[in-house]
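The values are calculated or read from the model by the stated rules, or taken from the named source; none is laboratory data. Treat the numbers as computed from the prediction; the structure is a model and nothing was measured. Here Cβ is always computed from backbone atoms with ideal geometry, including for glycine, and neighbour counts include all displayed protein chains.
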Amino acid sequence: MTERSNTKSNYSRRDALRLMAIGGAAGLIAPNLLGKPAFAQSPPASPTGRVVVGLSQEPTVFNPLMAHTEVDDALHFSVFDALFRIDPKGVLQPNLAVEVPSQKNGGISKDGLQWRIRLRDDVRWHDGEPFTAEDVKFTLELITNPKFRAWRTSGHSLLRDITVVSPTEVTWRMESIFAPYLSFLAETFMVPKHILEKEADPNAAAFSQAPVGTGAFKWAQRIAGDHIELVANTEYFGEGPYIERLVLKYIPDMTVLYTQFVSGDIDLVDQAYITADHYQEASKLSGRVVSLEPGASVESIYLNLEKPQFKDPAVRQALYAAIDRQAILEGIYYGVHALTETFMPQNSYYYNPNLPAQEYSLDRARQILDEAGWVPGSDGIRAKDGVRLSFSNATTAGNNLREQVQQFLQQSFAEIGVEMTISNLPGAVMWGDFWLKSQFDSAISGVTYVIAADPDVTNRLHTSAIVAKGGKGSNTGQYSNPEVDALLEKGARTFDPEARRAIYLRVQEIVRQDLPFLPLFAYTNVFGRKEGLEGFKPNANTRVASWHAAGWHWKS
């Protein structure tokens, strides 16, 4: 269950009026997280009907092994399969594998270094070719190919001696123990060797524009800037699919996305879901099912720590103190989300509830900057050693709530002598190299740090995960702390949950102290779908609502 901060807001009447002037309105809505699912009908014998999924950003990366964002997962989860999947309860389930290996069943050796994966023998690629252990070996080796722009190499880079024992069995040795690797494999989608091995440059393969997977849906067509259409894979080995066509529709303006949900043009709202300002109205809509589900993402102001403005910890502390998060949460987000001090999901076993609570105080923020030697200039903007406290902030253009937050922050920071300019970009540009290669000053983004419920955050917070410095990962803020690096490495070598918990509690303490990013809130996602769409299940352990579209069907 999501814990909510009881920190009282000390925002003034003037602050409240200012919030309302930029489109906010105060009011707290308590989520009902205990909704019971309707009685499920039997799915149809053969795929029928169409589901239109609304996305606020456009999926553009169709090779699931390449660097991508959450919206791309909406396609990956439907077109591809992984060895395992993570279910809504956080339990790994077999997907392409026939079992989840463990030390108990002999799939993982007692020392954690020898692994054996047994595969299904009834899986075929969308072009009819059989899926075998050769594809697993090819996929895992492609990820660590230095010429390939892989999304994640953590864990994969430890594999040695990958051996195809038979078409349905593959083994390997781990260079060192990596406890999170099972979870990593749950988000590692298999790609076809018989197609990609022929490509001179795997980064520029035709496959990346018309992917071939083993999943419940096959690629049909893409209308760039508008939608992607998938069709049922009637030869699918797993559950479903029960719908004939799955359409991923791109609607960049969040208000228009919601309007199309109301009108019935879209059947289900996926990333970035229904915005909090529409929740109260949406929950009363006839013919719609709207629910609040605790998410794993944390909305934060991400600071590029290689920018001179942010290298001084005092600046980060002062900026954090100057943010009236309670006013933002209540005035702009209608109290739907929850305050947090950490990147760890609040329903996680590894969540640290004992971190210092942020205290909003403009006076304290000014004092911190004064004591650190940041002196206001003639224009009122502080500077130190030739560096002005001025920076830009970027997010997805058309996200009206984030745009309101930006305006509020801009005014708040100005009151402490800090200049923040706003420079928003279309989603495909914002979350491309601009984000992945740390080309921003600061950004507002919702990020899921954990992978399939595992607490390892190496991919986001380890020095080796800074792409802008030649690393492989998603440490876009370029955070680097040797103690955190050492703890993450220790946590990855530890299987015992209690011992791991102590490690990740400490990581959260250090990160809260360092403030590489300024947490605004932990997401409670507002899911919306058309009444009669059955088989839908929320899953906080994945990054998209359409993680299991294979199970969807229309009530007959």
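Can you name the strands (runs of 3 or more DSSP E) wholly within segment 70-130 that have at least 1 residues being in contact with a Phe, Trp or Tyr (Cβ under 9 Å, 6 or more places away or on another chain) and of a type in the set (Ser, Thr, Tyr)? Lay out the reasoning, then the answer.
On the way: elements: 84-86, 92-94, 114-118.
Passing ranges: none, list empty.
If a residue must be part of a helix (DSSP H, G or I) and surrounded by fewer than 24 Cβ atoms within 10 Å (Cβ to Cβ), how many such residues does segment 485-503 contain?
Looking only at segment 485-503, we keep the residues that are part of a helix (DSSP H, G or I), and these are 485-492, 497-503.
Still in the list and also surrounded by fewer than 24 Cβ atoms within 10 Å (Cβ to Cβ): 485-487, 489-490, 492, 497-503.
Matching residues across segment 485-503 total 13.
Mind checking which residues of segment 421-438 are assigned to a helix (DSSP H, G or I) and among the aliphatic types (A, V, I, L, M)?
Residues of segment 421-438 assigned to a helix (DSSP H, G or I): 427-430, 433-436.
Result: ALA428, VAL429, MET430, LEU436.
Determine whether ALA26 is surrounded by 15 or more Cβ atoms within 10 Å (Cβ to Cβ), small (Gly, Ala, Ser), outside any loop (DSSP other than H, G, I, E, B) and modelled with pLDDT under 95.
So ALA26 fails the test.
Based on this model, can you work out whether HIS156 counts as out of contact with any strand residue (DSSP E or B) (no Cβ under 6 Å at 6 or more places or on another chain), modelled with pLDDT under 95 and not hydroxyl-bearing (Ser, Thr, Tyr)?
Criteria met by HIS156.
Got a sec? Which helices (runs of 4 or more DSSP H) wholly within segment 269-340 have at least 3 residues that are at pLDDT 95 or above and within 29 Å of ALA453 (Cα to Cα)?
Hits in segment 269-340: 325-331.
Quick one: count up the residues across segment 137-156 that are among the basic types (Lys, Arg), free of Cβ contacts under 8 Å to residues at least 60 places away in the same chain and not in a helix (DSSP H, G or I).
So the count comes out to 1.
Given the condition within 21 Å of THR458 (Cα to Cα) and buried (at least 22 other Cβ atoms within 10 Å of the Cβ), answer yes or no: does some residue in segment 159-178 qualify?
Yes, segment 159-178 contains a residue that is within 21 Å of THR458 (Cα to Cα) and buried (at least 22 other Cβ atoms within 10 Å of the Cβ).
Kindly evaluate VAL511 against the criterion of being without any contact (Cβ under 8 Å) to a residue 60 or more places away in the chain and on the phi < 0 side of the Ramachandran plot.
No; evaluated as a whole, the condition is false for this residue.
Filter segment 532-549 down to the residues that are outside any loop (DSSP other than H, G, I, E, B), aliphatic (A, V, I, L, M) and either surrounded by fewer than 23 Cβ atoms within 10 Å (Cβ to Cβ) or free of Cβ contacts under 8 Å to residues at least 60 places away in the same chain (or both) and list them by number.
The one that is outside any loop (DSSP other than H, G, I, E, B), aliphatic (A, V, I, L, M) and either surrounded by fewer than 23 Cβ atoms within 10 Å (Cβ to Cβ) or free of Cβ contacts under 8 Å to residues at least 60 places away in the same chain (or both): LEU533.
Which number in (1) aromatic (Phe, Trp, Tyr); (2) surrounded by 21 or more Cβ atoms within 10 Å (Cβ to Cβ); (3) out of contact with any Ser or Thr (no Cβ under 8 Å at 6 or more places or on another chain) marks the one condition that TYR349 misses?
Only one criterion is unmet by TYR349, namely (2).
Table: residues versus (1) crowded, with 17+ Cβ neighbours inside 10 Å; (2) closer than 19 Å to ALA549 by Cβ; (3) outside the structural domain of ARG149 (by TED's automatic domain parsing).
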| position | (1), (2), (3) |
| --- | --- |
| GLU199 | no, no, yes |
| GLN209 | no, no, yes |
| GLU229 | yes, yes, yes |
| ASP265 | no, yes, yes |
| LEU268 | yes, yes, yes |
| ILE274 | yes, yes, yes |
| SER283 | yes, no, yes |
| GLY287 | no, no, yes |
| GLU299 | yes, no, yes |
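So for segment 437-450 (the condition being touching a Pro at 6+ places or on another chain (Cβ under 7 Å), modelled with pLDDT under 90 and hydrophobic (A, V, I, L, M, F, W, C)), does at least one residue qualify?
Our first condition is that a residue be touching a Pro at 6+ places or on another chain (Cβ under 7 Å); within segment 437-450, this holds for 450.
Then drop every residue that is not modelled with pLDDT under 90, which leaves 450.
Cutting the leftovers down to hydrophobic (A, V, I, L, M, F, W, C) gives us 450.
Within segment 437-450 (the criterion being touching a Pro at 6+ places or on another chain (Cβ under 7 Å), modelled with pLDDT under 90 and hydrophobic (A, V, I, L, M, F, W, C)), the answer is yes, since at least one residue qualifies.
Quick check on segment 398-418: of everything there that is surrounded by fewer than 17 Cβ atoms within 10 Å (Cβ to Cβ) and either among the aliphatic types (A, V, I, L, M) or not in a loop (DSSP other than H, G, I, E, B) (or both), which residue is nearest to the chain's Cα centre (by Cα)?
Of segment 398-418, the ones surrounded by fewer than 17 Cβ atoms within 10 Å (Cβ to Cβ) are 400, 410-411, 414-415.
Now restrict to residues that are either among the aliphatic types (A, V, I, L, M) or not in a loop (DSSP other than H, G, I, E, B) (or both): 400, 410-411, 414.
Values: ASN400: 20, GLN410: 26, GLN411: 29, ALA414: 31 Å.
By that ranking, first place goes to ASN400.
Please specify each residue of segment 402-436 satisfying the condition of being modelled with pLDDT under 95 and either small (Gly, Ala, Ser) or not assigned by TED's automatic domain parsing to the domain that holds ARG382 (or both).
GLY427, ALA428, GLY432 - these are the residues of segment 402-436 that are modelled with pLDDT under 95 and either small (Gly, Ala, Ser) or not assigned by TED's automatic domain parsing to the domain that holds ARG382 (or both).
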